[in-house]
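Notes follow once the structure below has been shown.
Nothing in this text is a laboratory measurement; each read-out follows from the coordinates by a stated rule. On a predicted model such as this, the values are computed, not experimentally measured, just so you know. Don't worry about glycine lacking a Cβ; one is built from the backbone with ideal geometry, like all the others, and counts go over all protein chains shown.
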């Protein structure tokens with residue numbers, strides 16, 4: 001993605017603000033593309049609901065709209081890429 005001129009940040013630590021408390025480095029996203037899209041990368045035998053929920057939580061916490069979940073531990077990527085939207 002960088003070779004195509006996109007701004008990509010990897011292993012980006014983000015803080016969590018709740019009421020009057022702030023937790024620094026509360027969560028870490030795998031890739032943030034153009035400050036708009038979270039890409040969460042997995043290499044597991046099969047994706048489970050918790051993996052999808054993790055990405056949705058990251059979208060809600062960050063206020064971003066679009067996330068992509070990818071599992072690379074497969075023979076075919078086609079069925080292992082999932083788009084998630086933050087519906088607030």
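Quick rundown of the values:
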read-out: Residues located in the stretch 12-40, provided they are under 17 Å from residue 71 (Cα atoms) and loosely packed, with under 13 Cβ neighbours inside 10 Å; value: none
read-out: Pair list, Cβ < 7 Å and 6+ apart or interchain, from the stretch 32-57 residues that are without any contact (Cβ under 8 Å) to a residue 24 or more places away in the chain to residues that are outside any loop (DSSP other than H, G, I, E, B); value: 51/42; 51/69; 54/40
